[in-house]
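Undergrad: My structure is below; once you've seen it, I'll send some questions.
The values are calculated or read from the model by the stated rules, or taken from the named source; none is laboratory data. This is a predicted model, so every value here is computed, not measured. When we count neighbours, we look across all protein chains shown, and the Cβ atoms used for this are built from the backbone with ideal geometry, even at glycine. Please note that ligands, DNA and RNA were not included when accessible areas were found on the heavy atoms of the full protein model with its side chains. Shrake-Rupley method; radii C 1.70, N 1.55, O 1.52, S 1.80 Å.
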Amino acid sequence: MPKTSEKPALELSQPVIVIVGPTASGKTDVAQEIARRANGEVVSADSMQIYEGMDIGTGKLPAAERIVPHWGFDIRKPGEAYSASLFQEYARTCFADIDARGKRCVLAGGTGFYVRAAIDDYDFASGEQVGNSVREKWAAFLAEHGSQALWDALNECDAESAAIIHPNNSKRVVRALEMLELDGVSYASQHEGLATLGQAVPALFFGLSVDPELLKKRINVRVDGMFEAGLVDEVRALCEQGFTEALTAREAIGYKEVVAALEGRCSMEEASEAIKLATRRYAKRQRSWWRHDERVRWVAADDGDVARMADEIQQLF
């Protein structure tokens, strides 16, 4: 089970406004509009937008379009490891600083676990920290034997956790092995216990809801727009900097597919279709993550009207 932190809750003058929802639902624009109206600043809870140079493929808001301060962008190089534990510390430091300056904190959530880490009363097991020998051991095993063998190793010692982790999600498989070896904690038990945690940070949750068929169309348009904006050049530049084999390049939607095309393993058109499919699946997982969280008050986002959505949210806080 997850550890419950004994640290006191973060005290803020006003609750954090949390905006969640699937990719292409409009979170970025709505969060910024809410921050603008509330004299606030935005903290991005996206596990890929933290990386420098990964801009187009992650949907990072361009600097020229940021009308309020944004935090959580460009805090690591693509080859550097990061974790939800480190993000928890980073986000709470941001919250305290923003609040101390008399501003309102707005958290824009793309990665559900990062949002929960920032807000909820979660104390991470030691394996969640970066730079440990156990992680390095399993990373070496992955490099030598591949993702299926890595998953098989987890399945042998913790079948319950293996059952809820896809064999291709090597990062999570390694994480589960770390937890078991370092702390004797099952990933499956921890995952189940997340739903029972209280909050360490005062927050109000708002979700953007989009019809699945409409969201599918938006995702397709968004991916096409990424290619038009220069996604291929962005990925090529990262490869030239030596990040082809970086952890983030292997797992990030939009990057691994283009890398495959650049290496001749598929056409660029096939890469585009693969990105669209992977993004739709990711959006489905994002919806599932928040579907049963009773804290979330949902706002219809089908029309994409940012002002109208911001109006509805403002009336609730």
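Undergrad: As an exercise, use a Förster radius of 30 Å and the Cβ-Cβ distance of D224 and D293 to find the FRET efficiency, rounded to the nearest 0.05.
TA: Values: r = 32 Å, r/R0 = 1.06.
Plugging the Cβ-Cβ distance into 1/(1 + (r/R0)^6) gives 0.40.
Undergrad: How high is the relative contact order of the chain, given as a whole-number percent (alpha carbon pairs under 8 Å, six or more residues apart)? Present the calculation step by step, with values, prior to reporting the outcome.
TA: Numbers: 491 pairs, mean separation 87.9, N = 317.
Relative contact order, the chain: 28 percent.
Undergrad: So what is the orientation-averaged projected area of the stretch 219-283, using the convex hull of its C-alpha atoms, in nm²? Mind showing how you got there, number by number?
TA: Numbers: hull surface 16.1 nm².
Result: 4.0 nm².
Undergrad: Calculate the translational D of the chain in whole µm² s⁻¹ from Stokes-Einstein, where the hydrodynamic radius comes from the Kirkwood formula applied to all Cα pairs, the temperature is 37 °C and the viscosity 0.692 mPa s.
TA: On the way: Rh = 20.4 Å.
Diffusion coefficient, whole number: 161 µm²/s.
Undergrad: I'd like the per residue volume of the convex hull spanned by the Cα atoms of the stretch 22-133, given in cubic angstrom.
TA: Working: hull volume 12.1 nm³, N = 112.
Dividing the Cα hull volume of the stretch 22-133 by its residues yields 108 Å³.
Undergrad: Here is a further query. Please sort by residue number the GluC sites (Glu not before Pro) in the stretch 224-317 whose DSSP state is loop and whose Cβ has at most 10 other Cβ atoms within 10 Å. Provide the component values of the computation, followed by the final result.
TA: On the way: sites: E228, E234, E240, E245, E251, E257, E263, E269, E270, E273, E294, E312; in loops: E245, E263, E294.
Filter output for the stretch 224-317: E263, E294.
Undergrad: Looking only at Cα atoms, what is the convex hull volume of the stretch 260-317 per residue, in Å³?
TA: Values: hull volume 7.3 nm³, N = 58.
Normalising the Cα hull of the stretch 260-317 by residue number yields 125 Å³.
Undergrad: Multiply the residue separation of E251 and E52 by 0.36 nm, subtract the distance between their alpha-carbon atoms, and state the gained length in nm to one decimal.
TA: Details: separation 199, 0.36 × 199 = 71.64 nm, distance 1.56 nm.
This chain segment gains 70.1 nm when fully extended.
Undergrad: For a protection proxy built on the mean count of beta-carbon atoms within 10 angstrom, sort 284-290, 40-46 highest first, please. Working shown, then result.
TA: Working: 284-290: 16.6, 40-46: 25.9.
Most protected by this proxy first, the peptides run 40-46, 284-290.
Undergrad: With an 8 Å Cα cut-off and a minimum separation of 6 or more residues, compute the relative contact order for the stretch 219-296 in percent. Walk me through the intermediate numbers first.
TA: Details: 39 pairs, mean separation 22.5, N = 78.
That works out to 29 percent.
Undergrad: Next up: Using the Cα atoms of the stretch 42-199, I'd like the radius of gyration and the largest Cα-Cα distance, Dmax, both in angstrom.
TA: Using the Cα atoms of the stretch 42-199, the pair Rg, Dmax is 17.1, 53 Å.
Undergrad: Let me ask you something else. If the viscosity is 1.306 mPa s and the temperature 10 °C, what Stokes-Einstein diffusion coefficient in µm²/s follows for the stretch 192-317 when Rh is the Kirkwood radius over Cα pairs?
TA: 92 µm²/s
Undergrad: What percentage of the solvent-accessible surface of the chain, computed with a 1.4 Å probe over protein heavy atoms, is contributed by carbon and sulfur atoms?
TA: On the way: 7420 of 14790 Å².
Within the chain, the accessible surface is 50 percent carbon and sulfur.
Undergrad: Within the chain, what percent of beta bridges assigned by DSSP are antiparallel, to the nearest 5? Don't skip to the end; give the middle numbers.
TA: Details: 3 of 25 bridges.
Of those bridges, close to 10 percent are antiparallel.
Undergrad: I've got another one for you. Which of A260, A203, A24 moves most in a GNM of the chain, Cα contacts under 10 Å?
TA: A260
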